[in-house]
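Below: the structure, in structure tokens.
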Amino acid sequence: QVQLVESGGGLVQPGGSLRLSCAASGKIFSIYFMTWYRQAPGKQRDLVASIVDDGSTNYADSVKGRFTISRDIAKNTAYLEMNSLKPEDTAVYYCNANGLRTLGGPPSNWWGRGTQVTVSS
């Protein structure tokens, strides 16, 4: 059974930083790409940043220059370094693993349960 667990969320003041982690566990052979999404109350879930297994990345315009996505392929873990945080970054942050292959299984898509990030003074 595959699980994705996010951690690192919390309360931070505007201008502060947080580092989120997303650890995928189970009998995982490979993960094609991992993505961070966020969902603020009453709003849709939006893509924040994604990273492919070759290291290429993609960011939402609203976080470019402030957030950095990275991953440790050997640990099946993705990270989101968030700097210069703003109140509008407040949301639940979700991790997604796409093209995840277990040993002998087809590619599949998995979600974590999310971690709350609150930016407030």
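The values are calculated or read from the model by the stated rules, or taken from the named source; none is laboratory data. Please read these numbers as outputs of a predicted model, since none were measured by experiment. Cβ coordinates were reconstructed from backbone atoms using ideal geometry, including for glycine residues, and neighbour counts include every protein chain displayed. Note: areas computed on protein heavy atoms with side chains; ligands, DNA, RNA excluded. Shrake-Rupley method; radii C 1.70, N 1.55, O 1.52, S 1.80 Å.
Of the residues making up the range 94-121, those that are crowded, with 17+ Cβ neighbours inside 10 Å, closer than 17 Å to residue 50 by Cα and among the hydrophobic types (A, V, I, L, M, F, W, C) are 95, 97, 100, 110.
So, in the range 3-55, of the ones that are in a strand (DSSP E or B) and polar (S, T, N, Q), which residue ends up surrounded by the fewest Cβ atoms within 10 Å (Cβ to Cβ)? Write out each step before concluding.
Within the range 3-55, the subset in a strand (DSSP E or B) is 3-7, 10-12, 18-25, 28-39, 46-52.
Add one more test, that the residue is polar (S, T, N, Q), and what stays is 3, 7, 21, 25, 30, 35, 39, 50.
Working: 3: 11, 7: 13, 21: 17, 25: 13, 30: 13, 35: 20, 39: 14, 50: 19.
Residue satisfying both the conditions and the ranking: 3.
Scan the range 94-121 for residues that are part of a loop (DSSP other than H, G, I, E, B), more than 17 Å from the chain's Cα centre (by Cα) and not polar (S, T, N, Q) and report the count.
The number of residues fulfilling the criteria is 5.
Remark: pairs (first residue in the range 12-35, farther than 12 Å from residue 89 by Cβ; second residue open to solvent by 50 Å² or more (accessible area, probe 1.4 Å) and among the aromatic types (Phe, Trp, Tyr); Cβ separation under 6 Å; 6+ apart in sequence or on different chains) are absent.
Checking the structure you have, find out if any residue of the range 58-66 is part of a strand (DSSP E or B) and more than 18 Å from residue 114 (Cα to Cα). Yes, that holds for at least one residue.
Exactly one residue among 105, 26, 114, 15 is on the phi > 0 side of the Ramachandran plot and modelled with pLDDT under 95, and that residue is 26. Scanning the range 67-93 for residues that are surrounded by fewer than 18 Cβ atoms within 10 Å (Cβ to Cβ), in a loop (DSSP other than H, G, I, E, B) and over 15 Å from the mean Cα position of the chain (by Cα) yields 84, 86.
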